[in-house]
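Contents: one structure, followed by commentary.
The values are calculated or read from the model by the stated rules, or taken from the named source; none is laboratory data. None of these values were measured; they are calculated from a predicted model. Here the Cβ is made from the backbone with ideal geometry for all residues, glycine too, and neighbour counts use every protein chain on show.
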Number of protein chains: 2
Amino acid sequence: MLKANAFYAQSGGVTAVINASACGVIETARQYKGQMGTVFAGRNGILGALNEELIDTSKESVQSIAALRDTPSGAFGSCRYKLKSIQENPREYQRLIDVFKAHNIRFFFYNGGGDSQDTANKVSQLGRDLGYELQCIGIPKTVDNDLPFTDSCPGFGSVAKYVAVSTREAALDVASMCETSTKIFVLEVMGRHAGWIAAASALAQSRPNDAPHIILLPEVPFNQAHFLKKVASCVKRNGYCVIVASEGAQYADGSFLADAGSKDAFGHTQLGGVAPMLAALIKSELGYKYHWAVADYLQRAARHIASATDVEQAYALGKAAVELAIEGKTAVMPTIVRISDDPYRWKLGEVKLSRVANVERKMPKNYISKDGFGITAAARRYLAPLIHGEDYPPYEGGLPQYVRLKNQLVAKKLPVQW
Amino acid sequence: MLKANAFYAQSGGVTAVINASACGVIETARQYKGQMGTVFAGRNGILGALNEELIDTSKESVQSIAALRDTPSGAFGSCRYKLKSIQENPREYQRLIDVFKAHNIRFFFYNGGGDSQDTANKVSQLGRDLGYELQCIGIPKTVDNDLPFTDSCPGFGSVAKYVAVSTREAALDVASMCETSTKIFVLEVMGRHAGWIAAASALAQSRPNDAPHIILLPEVPFNQAHFLKKVASCVKRNGYCVIVASEGAQYADGSFLADAGSKDAFGHTQLGGVAPMLAALIKSELGYKYHWAVADYLQRAARHIASATDVEQAYALGKAAVELAIEGKTAVMPTIVRISDDPYRWKLGEVKLSRVANVERKMPKNYISKDGFGITAAARRYLAPLIHGEDYPPYEGGLPQYVRLKNQLVAKKLPVQW
């Protein structure tokens, strides 16, 4: 019998290290040549399977695959596309089976966040429900750090490091100018429902009264009067005030401070603009001169300042996914299990996809300071090791050298219309 | 006779490398102990002289001064404060003389941009107009790169590198998602009247059709119809479009695309919000899903991704300032003189302050592409070497270690009121 091939896809928002997971998958699969055939990557995620657009990773050199570890974004393309349930859309699942069968694919690796693990879980039911045996392994990825059962999510550590470093640097800037110029700096960061990214900015602090002075988390309802009082007292004490706000900062009724109005394919509201909104509020109520920044994609693409811990874990989880498949496992996701905070030690674990799907892990209450504007010592113990270590990409001519793959598609075997 | 002391001040917006110039000044002054006494740094720039708030840098250890080279922002505080002319405000100049006399200061080093070199030039006339002999040396600094007579300005190379790296990274992100999600990414960068920073984003390109696809420079009047046509054709060709816009992007009548309405101490309009304005325009006229980022202070404080060339030149100019003073020069500013583009070679030069003051160097016409949305090969040859080399700060626990000085003030000798 022909050796079975593997399908690997990147799903949802990309990160600085999702390609490190891809690197882990492909390099490990190449080591298990006897048990696993070619890794086909989906062009634009699961759409690549539906459209029979399969990238033949065996055409990529050892050097190119190794360079994925250093390259941000999704090298094969990602997508925001959510499969319905098998009951609701059996045609889509039948198409997956047709494509997988045509290319002898019996391993399915899906690299994504909560929505994607839900998709992976549905695909894992193909065997039971539609009689096509497929080993299905999820690989965690999300800058939001909101997947359950894994101590942390690849992508988060690097965003956390970017945000902590940027906050430390911008705060020094504001501090040196505040006597005659800008007194308020607002940095808007990602995090729709969970405040992990904004919380990580607190790692910039090394002494009392260090920035950030105020962190706005989606978990804490925004109270305008409390907020303005805190801003004024910060300026009085320090001469300036640095605020880091989650894009998902919200009022008690769940409405976002800044709602851009459009929605993505998953029905999530597209956010943006909390920082200018807060800056204008402070200006109008307190009169302080302000600056604001919105990091947006810069934060999740910032491979140049990636966390070495994050890169290492992203790779390890990709590797573990292949090893779990080789062991015969299915419908599981490898996880990071923390052994100790300091010194930081971790190992790999695993969890059933059915338990992961559609569960969102927010910041626990004991991680949020009493006044709601900061984090506790417990949160700091959790967050600190995730940004440890630098893992600089190679540079040429002053710029990081990121690999671009050939991304050669396999010849189609099926009709384009289905 | 007592050895004369020196006054050093940081002025205007701070940068990732202005402290490297301070390091050059102080380390070099320490080498010329026989000819130069203590370097007193102004607390918050020239205000430190007016208020007799003089920081005694001799109290700082060799290690702390050396660490200034790695530390962004203004270690002694900077200010936005413009001296009037001697004729308009003789009291202010008399106060400077009183303070300098009280502390035996006969060397004056002023580290700043165009407005600051104008101040330095006025101070250099104290001898002629008010009979107080003072050697006055300007040290160039500005992320805007708009000082004349110097090939480049310390601070610019590091912002240029930050912007080029960030554009390359964010563009990879957009490229991997564009088929089913965001098609437009707008990055807003600094540059009020000169487009140097936005232009530097073009260094992110390494192949045809690479991002950024559109650069909006203040030098090129914004034409909405041309712009939208270009955006649509980019999306058609590449599947996505990355735009880098100067905060100073403006209409033909000189009004800014986004005018926040407030003004700084120099009477400059405080800008912000070009990126969301452009994104909303594209959404409403072309319907594309967008993301936008405003880098603001993050770009000029980003010591973590500083250009090694920039750090080296910032230090060299600080050093040269002291050496010029030792040689007996006054009313001059050391400059960078380019010898060749590739391999990049440069040397130090000097220019009279009177020629520098209040001259703004915009992008020359032959640096701007025909359609106004990009740069020419000549611009690329000019810009490329300025981002060469990485100069990483030391890290601990995942965070860059930036020095904070003791900043011990000298005892006042004069009445506080003047």
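Within region B:369-418, being in a helix (DSSP H, G or I) and touching a Lys or Arg at 6+ places or on another chain (Cβ under 7 Å) holds for one residue alone: B:387. Annotation: residue B:316 fulfils all but one of (1) closer than 30 Å to residue B:9 by Cβ; (2) in a strand (DSSP E or B); the unmet one is (2).
Let's see how each residue does on (1) within 11 Å of chain A (Cβ to nearest Cβ); (2) in contact with an Asp or Glu (Cβ under 7 Å, 6 or more places away or on another chain):
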{"position": "B:363", "(1), (2)": "no, yes"}
{"position": "B:371", "(1), (2)": "no, no"}
{"position": "B:375", "(1), (2)": "no, no"}
{"position": "B:378", "(1), (2)": "no, no"}
{"position": "B:385", "(1), (2)": "yes, yes"}
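Give the residue that is modelled with the highest pLDDT, with candidates limited to residues of region A:241-281 that are in a strand (DSSP E or B) and within 11 Å of chain B (Cβ to nearest Cβ). Residue satisfying both the conditions and the ranking: A:242. Within region B:405-418, track down each residue that is at pLDDT 95 or above and either in the same structural domain as residue B:53 (by TED's automatic domain parsing) or over 24 Å from residue B:63 (Cα atoms) (or both). Those that are at pLDDT 95 or above and either in the same structural domain as residue B:53 (by TED's automatic domain parsing) or over 24 Å from residue B:63 (Cα atoms) (or both): B:411, B:412, B:413, B:414. If I filter region B:35-49 for residues that are among the hydroxyl-bearing types (Ser, Thr, Tyr), under 23 Å from the mean Cα position of the chain (by Cα), under 18 Å from residue B:137 (Cα atoms) and buried (at least 20 other Cβ atoms within 10 Å of the Cβ), do I get at least one hit? No: region B:35-49 contains no residue that is among the hydroxyl-bearing types (Ser, Thr, Tyr), under 23 Å from the mean Cα position of the chain (by Cα), under 18 Å from residue B:137 (Cα atoms) and buried (at least 20 other Cβ atoms within 10 Å of the Cβ).
Residues satisfying the criterion are absent from region B:72-83 (criterion: among the basic types (Lys, Arg) and more than 14 Å from chain A (Cβ to nearest Cβ)). Taken together, the residues in region A:106-129 that are at pLDDT 95 or above and buried (at least 24 other Cβ atoms within 10 Å of the Cβ) amount to 6. Looking across region B:290-307, the residues that are within 7 Å of chain A (Cβ to nearest Cβ) and in a loop (DSSP other than H, G, I, E, B) come down to B:295, B:296, B:302. Residue count for region B:181-199, restricted to those that are farther than 21 Å from residue A:404 by Cα and either within 10 Å of chain A (Cβ to nearest Cβ) or not in a helix (DSSP H, G or I) (or both): 10.
Scanning region A:52-102 for residues that are of a type in the set (Ser, Thr, Tyr) and closer than 21 Å to residue A:413 by Cα yields A:57, A:58, A:93.
Within region B:366-383, the residues that satisfy the criterion of being in contact (Cβ under 8 Å) with a residue 24 or more places away in the chain and either on the phi < 0 side of the Ramachandran plot or surrounded by fewer than 18 Cβ atoms within 10 Å (Cβ to Cβ) (or both) are B:367, B:368, B:371, B:373, B:374, B:375, B:379, B:380, B:381, B:382, B:383. Against the test of being under 28 Å from residue B:171 (Cα atoms), modelled with pLDDT of 95 or more and touching a Pro at 6+ places or on another chain (Cβ under 9 Å), the options A:295, A:306 yield a single qualifying residue, A:306. Here residue A:232 does not fit the description of being touching a helix residue (DSSP H, G or I) at 6+ places or on another chain (Cβ under 7 Å), closer than 18 Å to residue A:379 by Cα and in the same structural domain as residue A:281 (by TED's automatic domain parsing). Can you find, within region A:387-418, the residue that is nearest to the other protein chains (Cβ to nearest Cβ) among those that are farther than 30 Å from residue B:397 by Cβ and of a type in the set (D, E, K, R)? The selected residue is A:404.
Exactly one residue out of A:181, A:206 is modelled with pLDDT of 95 or more and either surrounded by fewer than 22 Cβ atoms within 10 Å (Cβ to Cβ) or more than 24 Å from the chain's Cα centre (by Cα) (or both), and it is A:206. In region B:218-240, the residue that is surrounded by the fewest Cβ atoms within 10 Å (Cβ to Cβ) out of those that are closer than 26 Å to residue B:289 by Cβ and among the aliphatic types (A, V, I, L, M) is B:225.
Can you work out which of the residues in region A:118-156 that are within 14 Å of chain B (Cβ to nearest Cβ) and closer than 17 Å to residue A:244 by Cα is nearest to the chain's Cα centre (by Cα)? Checking each candidate, the answer is A:143. Among what's in region B:331-348 and is in a strand (DSSP E or B) and without any contact (Cβ under 8 Å) to a residue 24 or more places away in the chain, pick the residue that is nearest to residue B:132 (Cα to Cα). The residue in question is B:347. Of all the listed residues (A:92, A:27), the sole one being away from every other protein chain (no Cβ under 14 Å), acidic (Asp, Glu) and either touching a Cys at 6+ places or on another chain (Cβ under 8 Å) or under 18 Å from residue A:312 (Cα atoms) (or both) is A:27. Please specify each residue of region A:161-180 satisfying the condition of being under 14 Å from residue A:238 (Cα atoms) and either assigned to a helix (DSSP H, G or I) or in contact (Cβ under 8 Å) with a residue 24 or more places away in the chain (or both). Within region A:161-180, A:171, A:172, A:173, A:174, A:175, A:176, A:177, A:178, A:179 qualify.
Would you check if residue B:132 is in contact with a helix residue (DSSP H, G or I) (Cβ under 7 Å, 6 or more places away or on another chain), in the same structural domain as residue B:321 (by TED's automatic domain parsing), surrounded by fewer than 21 Cβ atoms within 10 Å (Cβ to Cβ) and not in a helix (DSSP H, G or I)?
Yes; evaluated as a whole, the condition is true for this residue.
Taking into account only those residues within region A:39-51 that are in contact with a Lys or Arg (Cβ under 9 Å, 6 or more places away or on another chain) and part of a loop (DSSP other than H, G, I, E, B), which is farthest from residue A:102 (Cα to Cα)? Per the stated criteria, the residue is A:45.
Got a sec? Which of A:215, A:197, A:137, A:243 is in the same structural domain as residue A:101 (by TED's automatic domain parsing), of a type outside the set (Ser, Thr, Tyr) and surrounded by 24 or more Cβ atoms within 10 Å (Cβ to Cβ)? Write out each step before concluding.
Working: A:215 fails: in the same structural domain as residue A:101 (by TED's automatic domain parsing); A:197 fails: in the same structural domain as residue A:101 (by TED's automatic domain parsing); A:243 fails: in the same structural domain as residue A:101 (by TED's automatic domain parsing).
Result of the check over A:215, A:197, A:137, A:243: A:137.
Scanning region A:347-359 for residues that are surrounded by fewer than 19 Cβ atoms within 10 Å (Cβ to Cβ) and either in contact with a helix residue (DSSP H, G or I) (Cβ under 6 Å, 6 or more places away or on another chain) or within 28 Å of residue A:206 (Cβ to Cβ) (or both) returns A:348, A:354, A:358.
Of all residues in region B:52-85, those satisfying the criterion of being touching a residue at least 40 places away in the same chain (Cβ under 8 Å), in a loop (DSSP other than H, G, I, E, B) and farther than 18 Å from residue B:139 by Cβ are B:52, B:53, B:60.
Of all residues in region A:27-38, exactly one satisfies the criterion of being part of a loop (DSSP other than H, G, I, E, B) and under 20 Å from residue A:404 (Cα atoms), namely A:38.
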